Amino acid sequence: RLSEKENVEVVVRRLRSGDYLLELHVLVSLKTSNDFAASIIDTRLFEQAKRMSSGPYRPLISVEGRVDDLRRAGD
């Protein structure tokens, strides 16, 4: 849908890290709340954050879900 908008250019390509690159400035990684909690527990999040922040783009991790999902993730 985004590519159908006027004045919006969408380019599909594989990124070294992250899920989306916005305006060639912000590198976005999307995580569900369960994956976010699990990646903290197994330390994947810290390695990913390090890779994202060592590049030329501003890193952003977007967590999708509810706070209740995070509470249950540690169970």
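The values are calculated or read from the model by the stated rules, or taken from the named source; none is laboratory data. Bear in mind the structure is a predicted one, so any value in this text is a computation, not a measurement. Here the Cβ positions follow ideal geometry from the backbone for every residue, glycine too, while neighbour counts run over all protein chains shown. All accessible areas refer to the heavy atoms of the entire protein, side chains included, with ligands and DNA or RNA removed. Shrake-Rupley method; radii C 1.70, N 1.55, O 1.52, S 1.80 Å.
Go through 56-69, 32-45, 11-24 and give me the packing order, highest mean Cβ count within 10 Å leading.
My ranking of the peptides, most packed first, is 32-45, 56-69, 11-24.
Evaluate 2.2 N^0.38 Å with N set to the residue count of the chain, then give the Cα radius of gyration divided by it.
1.28
In the chain, what percent of the accessible surface is made up of carbon and sulfur (1.4 Å probe, ligands and nucleic acids excluded)? Numbers along the way, then the final one.
On the way: 3220 of 6400 Å².
Roughly 50 percent, rounded to a whole number.
Based on Cβ point charges of +1 for Lys and Arg and -1 for Asp and Glu, what charge dipole magnitude is obtained for the chain about its Cα centre, in debye rounded to the nearest 20?
240 debye
In terms of modelled amide H atoms, which long-range or inter-chain residues lie less than 5 Å from the amide H of THR32?
Those qualifying (amide H under 5 Å, at least 5 residues apart or on another chain) are GLU64.
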